[in-house]
1. Filter the stretch 91-114 down to the residues that are in a helix (DSSP H, G or I), in contact with a Gly (Cβ under 9 Å, 6 or more places away or on another chain) and closer than 21 Å to K67 by Cβ and list them by number.
2. Counting only residues that are modelled with pLDDT of 90 or more, give me the helices (runs of 4 or more DSSP H) lying completely in the stretch 116-233 with at least 3 of them.
3. Check off (1) without any contact (Cβ under 8 Å) to a residue 60 or more places away in the chain; (2) crowded, with 18+ Cβ neighbours inside 10 Å for D75 and give me the number that stays unchecked.
4. Out of G178, G165, G133, which single residue is without any contact (Cβ under 8 Å) to a residue 12 or more places away in the chain, on the phi > 0 side of the Ramachandran plot and surrounded by fewer than 19 Cβ atoms within 10 Å (Cβ to Cβ)?
5. So, restricting to strands (runs of 3 or more DSSP E) that lie completely within the stretch 1-82, which ones have at least 3 residues that are in contact with a helix residue (DSSP H, G or I) (Cβ under 9 Å, 6 or more places away or on another chain) and of a type in the set (V, I, T)?
6. Collect the residues in the stretch 86-103 that are over 16 Å from the mean Cα position of the chain (by Cα), of a type outside the set (G, A, S) and at pLDDT 95 or above, keeping them in residue-number order.
7. Among the residues of the stretch 245-255, is there at least one that is polar (S, T, N, Q) and under 25 Å from A12 (Cβ atoms)?
Amino acid sequence: MTNSKVALVTGAGQGIGRAIALKLAADGFDIAVADLSFQQEKGEGVVREIEALGRKAVFVTADVSSKDEITAAVDTAAEKLGSFDVIVNNAGIAQVKPISEITGEELDKIFRINVNSVVFGIQAAVAKFDELGVKGRIINAASIAAIQGFPILGAYSASKFAVRGITQAAAQELAPKGHTVNAYAPGIVGTGMWDLIDERLSEINGKPRGQNLQENVDSIALGRIEKPEDVAGVVSFFASDNAGYVTGQVLLVDGGMLYN
């Protein structure tokens, strides 16, 4: 066994997940970079970035909508890196569509990826924490859409409200074991997800590409679009000793859009 702490980050091949993985590595964690198989090349690139920081890392393939695959990813992380202390249930998708047009298949898909994955990640992490005798940290991806529902993002908002509820319930259930459960709630982050949202909003409301994004950015008190590193800083806090007495919280990291 190693004395180093180990974190697994889902959806870590790019975007917010990559920034989280690199920040936790800089904090001294060894990292399991988890993502879909078609993201393996990007994921292995993140592994190399982490190794350049002097930490150990491994890429693990995981479809987060599959409980078996998340469990296997956690097992692999613990086996190859020597411990298991933190899971960041980061992977997720957006879905931009009016409520009247959402299909059952689309609802099923977004809940499998954004909600079921969080439950499965919690279950797999807790089993490993308990096996290893670790008081672990569970950190989930919420959103400003977990605090306020947004038009044309109804299914996405519903999925993130669900993450918020799961985070609060799990925190209460797992507190007697010493495990903490928290979530981060980003706003308008400059990643591929918001490129997709902007494109779909343009198709729906006819505004030129980029205008919907800019209008949202204009509503941010701090006056700039969010960077993945802004989110990673909050995750770093939740994973640190400084957050040992914090559980069941959903922390907005949105530059001043919502006030909760």
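The values are calculated or read from the model by the stated rules, or taken from the named source; none is laboratory data. From a predicted model like this one, the values you see are computed outputs, not experimental measurements. Because the Cβ atoms are built from the backbone with ideal geometry, glycine has one as well, and the counts that use them run over all protein chains shown.
1. Going through the stretch 91-114, the residues in a helix (DSSP H, G or I) turn out to be 99-101, 104-114.
Now narrow it down to the ones that are in contact with a Gly (Cβ under 9 Å, 6 or more places away or on another chain): 99, 110, 113-114.
Within the stretch 91-114, I110, I113, N114 meet the criteria.
2. Details: elements: 117-132, 154-174, 192-205, 211-218.
Answer list for the stretch 116-233: 117-132, 154-174.
3. Unmet for D75, out of (1) without any contact (Cβ under 8 Å) to a residue 60 or more places away in the chain; (2) crowded, with 18+ Cβ neighbours inside 10 Å: (2).
4. Details: G178 fails: without any contact (Cβ under 8 Å) to a residue 12 or more places away in the chain; G165 fails: on the phi > 0 side of the Ramachandran plot.
After applying the criteria, what remains is G133.
5. Numbers: elements: 6-10, 30-35, 57-61.
Strands (runs of 3 or more DSSP E) meeting the threshold: 6-10, 57-61.
6. The answer is I99, E101, I102, T103.
7. Our first condition is that a residue be polar (S, T, N, Q); within the stretch 245-255, this holds for 247, 249.
From the residues that got through so far, the ones that are under 25 Å from A12 (Cβ atoms) too are 247, 249.
Looking through the stretch 245-255, at least one residue is polar (S, T, N, Q) and under 25 Å from A12 (Cβ atoms).
Let's see how each residue does on (1) under 19 Å from A142 (Cα atoms); (2) of a type in the set (S, T, N, Q):
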{"residue": "V181", "(1), (2)": "yes, no"}
{"residue": "A185", "(1), (2)": "yes, no"}
{"residue": "V189", "(1), (2)": "yes, no"}
{"residue": "W194", "(1), (2)": "yes, no"}
{"residue": "L201", "(1), (2)": "no, no"}
{"residue": "I204", "(1), (2)": "no, no"}
{"residue": "N212", "(1), (2)": "no, yes"}
{"residue": "D218", "(1), (2)": "no, no"}
